[in-house]
Amino acid sequence: MTASSPRTTPSFPRTSPPTAVGGAVPLPMPKFAAAARSALADTGQRRSLRVAVAAAREREAAAAAELSDWDELRETGRAVGDATLLDLDAHLETLERAVTEAGGTVHWAADADEARAIVTGLVRAAGADEVVKASSATLREIGLTDALADAGVTVHETALADLVVRLGDDEPSHLLSPALHRDRAEIRELFLRNMIMSAPPADADSGSEAGDGTASDDPAALAAAARAHLRERFLRARVGVTGANFLVAETGTLVVLESEGNARMCATLPDTLITVAGIDKVVPTWADMEVFLQLLPRSSSGDRMTPYVASWSGVTPGDGPRAFHLVLLDNGRTRALADEVGRAALRCVRCSACMNVCPVYERTGGRAYGPVHPGPIGAILTPQLRGVDGAAEASLPYASTLCGACADVCPVKIDIPEVLVHLRGLVVESRRRRPVPTPELALMRGLAWTMADPRRHETALRRGTRWARLLSRGGRIRRLPGLLGKWTEARDLPAPPAESFRAWWTRSRT
Amino acid sequence: MTSAGGPVGAGSRAEVLRRVREALGGARGPRPPVPRRYARRLTDAEAGTRADVLALFTERVADNRAAVRHVSADELGTAVAAALWGREARQIVVPADLPFGWLAELDGVRALADAPAVDIGTLAAVDAAVTGCAVAVAQTGTIVLDGGRAQGRRALTLVPGYHLCVVHADQIVGTVPEAVERLDPARPLTWISGPSATHGIEMVRVEGVHGPRHLEVLVVED
Ligand code: SF4
């Protein structure tokens, strides 16, 4: 390999995170490393992410430490999850029966396409041209907003952060705080531009092109503006769409945890309620909720209890929607289920605790992981849901230092590092079947050959040092040449010292 | 929609179930037991007496940034009136079966009973809702409504900006498992632990985004 290969040019910044354009599905997704590089370059985002994540981490730790039986709860959470998956078919049928008996209708979607078609059809059948939508990773996963928009249905995002993300045409940056990448001034701009709030008449001086001092960018004022804007939509909406945190099979009960009240509104005020949930959200019995209602709030927001927990079984005459539809979604979950090691990821209750302790996530933020499931859980869930044939999915199991912090906090004891290593094996396996070996494989073979012989090793070191110092700028190497470039996609290397340790050792000993 | 073969509207029911069965394989092995060694009741250290449980509930409700006051049964009417007066509530909505005594001391407040059902526009225009609850949880400072006596339908405690909730001391249990045990999941349940809140902008906490901005709890001790 030579240093003058065209590939040595630092190709930075390579790409920005994808925005879901036009089409229905946010399918194309950059490799983790490429997406991470642009996030890493944004120092402002890195700082706010670090502060936010540290605060969340402390709250969660305190909330867990307060319960003396925390470990027993986690152990039960794990065991309930495993047991549920082992009889998932039976639980799903029980759930369907119970929901139907309670007056609801159950639909089954094999993939995102089908889920979108079912929901779109239900919205049309209800004769609605707009819906109010609550925050949900599952709804994002199936690309529902764009699909409904394509069908001529206006979708009102009702969670404050989702509204911001939607207005900015961004991808969410954090599971619990999707608009973390926007500061208050930017949000104010978005709100003004989209007429969610209006600037007071600029009577005093018309030349205030600085734009400040007119409409407040205080978070409380911004939230109040969003409340007033969305209130109207809630009051007239005929269809609400939500996700769910849990589906209780035995009783046909859906459980949603939230803090703003927008999900309660979506689930209560419209005539028709449509809920889309993964088949992995099932728990067998109502009594199991006594465990998850302790685990999830404490590990997601650090609350003893999330401000609102809403549950419903089918429809209740005189209270809430007259029609209720539950769409059960597979979309790759059965693929994960088939893997005895990887299946553990389906226990996930989407609390985000693993993200807040992850050193990689803390620096790159959520968007580098692709559009749906960020953080350590995304690194094990996304490749399983979508397979590891794509470069982006295959890169995710490597987005980790295997430090194990995630497994320690996970309320359902998912051993994320174990699954990561397992998936890396699957990636290597799927690559081995390809005609051309990957650079990593070729490199490791080359290294093995070089290092097996001391003389070859020393020559290589001497040469390598010279090339490396030529490559570096200000003592940092941004991009290794040729095949080695992979390793520096999201890392800078310090330039090696002029003399290797081996050379120094030999010199100073003689 | 690829609902080939299945009943109309069911979508890919058979296909999804088939995939689940295939993924799990034929021999699933013995089901490992589910251990349940967590606490179902508060320990003596947490709350040894009934009074301790009430004190814990009060402390935790306050932690959740809701106002909380203890009143005796014969003070309740006055306390409700005072709370509404304090928030300048002129028009309120109440479930049709709210005990009459709770509102006996109101002065200058118009109370709408939700029977027949108040329309949504009116609901959005009233200042407050007054209800009871089904269960309350000391450990988490939570009140739970199930649409039963003195609670009304869900929209009542969702749309108005201020929710005043009356909790009888004997409705307060220690832990989440005790509450789950007492509740009937066939009814629509709402667990409320503080006012509506968001951290959506710069992770700064703001109260009252969509649900009630203020929650106030009156604990009635006999
Ligand atoms: S993997 Fe565990 S810690 Fe991470 S989001 Fe899921 S449940 Fe929470």
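The values are calculated or read from the model by the stated rules, or taken from the named source; none is laboratory data. Because the structure is a prediction, the values reported are computed rather than measured. In this analysis, Cβ positions are derived from the backbone assuming ideal geometry, glycine residues included, and neighbour counts consider all displayed protein chains. Just the protein is used for accessible areas: all its heavy atoms, side chains included, with ligands, DNA and RNA removed. Shrake-Rupley method; radii C 1.70, N 1.55, O 1.52, S 1.80 Å.
Could you identify the single residue in B:THR190, B:THR157 that is at pLDDT 95 or above and either touching a Gly at 6+ places or on another chain (Cβ under 6 Å) or more than 7 Å from chain A (Cβ to nearest Cβ) (or both)?
Numbers: B:THR190 fails: either touching a Gly at 6+ places or on another chain (Cβ under 6 Å) or more than 7 Å from chain A (Cβ to nearest Cβ) (or both).
Matching residue, one of B:THR190, B:THR157: B:THR157.
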Practice item. Enumerate the pairs (first residue in segment A:213-238 and more than 30 Å from A:ILE274 (Cβ to Cβ); second residue anywhere and surrounded by 23 or more Cβ atoms within 10 Å (Cβ to Cβ) and at pLDDT 85 or above) with beta-carbon separation below 6 Å, excluding pairs fewer than 6 apart on the same chain, so at least 6 apart or on different chains. Key: A:ASP217/A:ARG188
Study note, to complete from the structure: Condition set surrounded by fewer than 24 Cβ atoms within 10 Å (Cβ to Cβ) and within 12 Å of B:ALA124 (Cβ to Cβ), scope segment B:149-165, selection nearest to the chain's Cα centre (by Cα): answer is B:ALA155
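Taking A:ALA134 as the residue in question, decide whether it is among the small types (Gly, Ala, Ser), touching a residue at least 12 places away in the same chain (Cβ under 8 Å) and open to solvent by 10 Å² or more (accessible area, probe 1.4 Å).
Judged against the criteria, A:ALA134 is not a match.
Please enumerate the residues belonging to segment A:400-414 that are in a loop (DSSP other than H, G, I, E, B) and at negative phi.
Narrowing segment A:400-414 to residues in a loop (DSSP other than H, G, I, E, B): A:400-404, A:410-414.
Selection gives A:SER400, A:THR401, A:CYS403, A:CYS410, A:PRO411, A:VAL412, A:ILE414.
Please verify whether A:GLY375 is crowded, with 24+ Cβ neighbours inside 10 Å, away from the ligand (no atom under 12 Å from the Cβ) and modelled with pLDDT under 90, treating the condition exactly as stated. Write out each step before concluding.
On the way: crowded, with 24+ Cβ neighbours inside 10 Å: yes; away from the ligand (no atom under 12 Å from the Cβ): no; modelled with pLDDT under 90: yes.
The answer is no for A:GLY375.
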Exercise for review: Report, by residue number, each residue of segment A:415-434 that is of a type outside the set (A, V, I, L, M), modelled with pLDDT of 85 or more and either touching a Gly at 6+ places or on another chain (Cβ under 9 Å) or within 16 Å of the ligand (Cβ to nearest atom) (or both).
Suggested key: A:ASP415, A:PRO417, A:GLU418, A:HIS422
Review point. Does segment A:214-225 contain any residue that is within 11 Å of another protein chain (Cβ to nearest Cβ), of a type in the set (Ser, Thr, Tyr) and open to solvent by 10 Å² or more (accessible area, probe 1.4 Å)?
Key: no
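Residues are listed down the side, and each one gets a yes or a no for (1) of a type in the set (Asp, Glu); (2) without any contact (Cβ under 8 Å) to a residue 12 or more places away in the chain; (3) part of a loop (DSSP other than H, G, I, E, B); (4) under 20 Å from B:SER196 (Cβ atoms):
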site	(1), (2), (3), (4)
B:GLY108	no, no, yes, no
B:LEU112	no, no, no, no
B:PRO116	no, yes, yes, no
B:ALA129	no, no, no, yes
Practice item. Being surrounded by 20 or more Cβ atoms within 10 Å (Cβ to Cβ), aliphatic (A, V, I, L, M), at negative phi and modelled with pLDDT under 85 narrows it down to one of B:VAL180, B:VAL206, B:VAL220, so name that one. Key: B:VAL206
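Hey, does segment B:166-175 have a residue that's at the interface with another protein chain (Cβ under 7 Å from one of its Cβ atoms) and either among the charged types (D, E, K, R) or buried (at least 21 other Cβ atoms within 10 Å of the Cβ) (or both)?
Let us first name the residues in segment B:166-175 that are at the interface with another protein chain (Cβ under 7 Å from one of its Cβ atoms), namely none.
No: zero hits.
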Exercise for review: Working carefully through the options A:GLY240, A:GLY252, A:GLY261, find the one that is at positive phi, more than 7 Å from every other protein chain (Cβ to nearest Cβ) and open to solvent by less than 10 Å² (accessible area, probe 1.4 Å).
Suggested key: A:GLY252
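Going by what's in this entry, would A:VAL412 be described as within 14 Å of the ligand (Cβ to nearest atom), among the aliphatic types (A, V, I, L, M) and over 15 Å from the mean Cα position of the chain (by Cα)?
Details: within 14 Å of the ligand (Cβ to nearest atom): yes; among the aliphatic types (A, V, I, L, M): yes; over 15 Å from the mean Cα position of the chain (by Cα): yes.
Considered against the rule, which asks whether it is within 14 Å of the ligand (Cβ to nearest atom), among the aliphatic types (A, V, I, L, M) and over 15 Å from the mean Cα position of the chain (by Cα), A:VAL412 comes out as yes.
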Check your understanding: Mind checking which residues of segment A:284-314 are more than 7 Å from every other protein chain (Cβ to nearest Cβ), more than 15 Å from the ligand (Cβ to nearest atom) and more than 19 Å from B:GLU181 (Cα to Cα)?
Key -> A:GLY314
Exercise for review: Determine the pairs where a residue that is more than 14 Å from chain B (Cβ to nearest Cβ), located within segment A:371-395, has a partner that is among the β-branched types (Val, Ile, Thr) and away from the ligand (no atom under 14 Å from the Cβ) with Cβ atoms under 7 Å apart, the partner being 6 or more residues away or on another chain.
Suggested key: A:VAL388/A:VAL427; A:ALA394/A:VAL388; A:ALA394/A:VAL427
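Every residue, every condition in (1) away from every other protein chain (no Cβ under 11 Å); (2) within 16 Å of the ligand (Cβ to nearest atom); (3) in contact with a Gly (Cβ under 7 Å, 6 or more places away or on another chain); (4) within 25 Å of A:ILE118 (Cα to Cα), yes or no:
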site: A:GLY318; (1), (2), (3), (4): no, no, no, no
site: A:ALA323; (1), (2), (3), (4): yes, no, no, yes
site: A:LEU328; (1), (2), (3), (4): no, no, no, yes
site: A:VAL341; (1), (2), (3), (4): yes, yes, no, no
site: A:ALA344; (1), (2), (3), (4): yes, yes, no, no
site: A:ARG347; (1), (2), (3), (4): yes, yes, yes, no
site: A:ARG350; (1), (2), (3), (4): yes, yes, no, yes
site: A:CYS354; (1), (2), (3), (4): yes, yes, yes, no
site: A:CYS358; (1), (2), (3), (4): yes, yes, yes, no
Check your understanding: All but one of (1) of a type in the set (D, E, K, R); (2) out of contact with any strand residue (DSSP E or B) (no Cβ under 9 Å at 6 or more places or on another chain); (3) under 27 Å from A:ALA117 (Cα atoms) hold for A:GLU362; which doesn't?
Key -> (3)
Check your understanding: For the subset of segment A:107-127 comprising residues that are under 27 Å from the mean Cα position of the chain (by Cα) and outside any helix (DSSP H, G or I), which member is surrounded by the most Cβ atoms within 10 Å (Cβ to Cβ)?
Key -> A:ALA109
Review point. Restricting the first residue to segment A:103-122 and requiring it to be free of Cβ contacts under 8 Å to residues at least 60 places away in the same chain and at the interface with chain B (Cβ under 7 Å from one of its Cβ atoms), which pairs with a second residue that is β-branched (Val, Ile, Thr) and not in a strand (DSSP E or B) meet a Cβ separation below 7 Å and a spacing of at least six or different chains?
Key: A:GLU114/B:THR2
Check your understanding: If B:GLN139 satisfies every condition in (1) closer than 24 Å to B:ARG40 by Cα; (2) in a helix (DSSP H, G or I) but one, which is the exception?
Key -> (2)
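Every residue in segment B:10-21 that is open to solvent by 20 Å² or more (accessible area, probe 1.4 Å) and either in contact with a Phe, Trp or Tyr (Cβ under 6 Å, 6 or more places away or on another chain) or within 7 Å of chain A (Cβ to nearest Cβ) (or both), please. Quick ask: steps written out before the conclusion?
Step one: of segment B:10-21, the residues open to solvent by 20 Å² or more (accessible area, probe 1.4 Å) are B:13-15, B:18-19, B:21.
Those that are open to solvent by 20 Å² or more (accessible area, probe 1.4 Å) and either in contact with a Phe, Trp or Tyr (Cβ under 6 Å, 6 or more places away or on another chain) or within 7 Å of chain A (Cβ to nearest Cβ) (or both): B:ARG13, B:GLU15, B:ARG19, B:ARG21.
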Point to revise | Odd one out for A:CYS403, checked against (1) within 16 Å of the ligand (Cβ to nearest atom); (2) within 13 Å of chain B (Cβ to nearest Cβ); (3) out of contact with any Asp or Glu (no Cβ under 8 Å at 6 or more places or on another chain) | key: (2)
Check your understanding: Considering only helices (runs of 4 or more DSSP H) fully contained in segment A:328-399, which possess at least 2 residues that are not hydrophobic (A, V, I, L, M, F, W, C)?
Key -> A:333-337, A:359-364, A:375-386, A:391-395
Check your understanding: How many of the residues in segment A:291-332 are open to solvent by 10 Å² or more (accessible area, probe 1.4 Å) and basic (Lys, Arg)?
Key -> 2
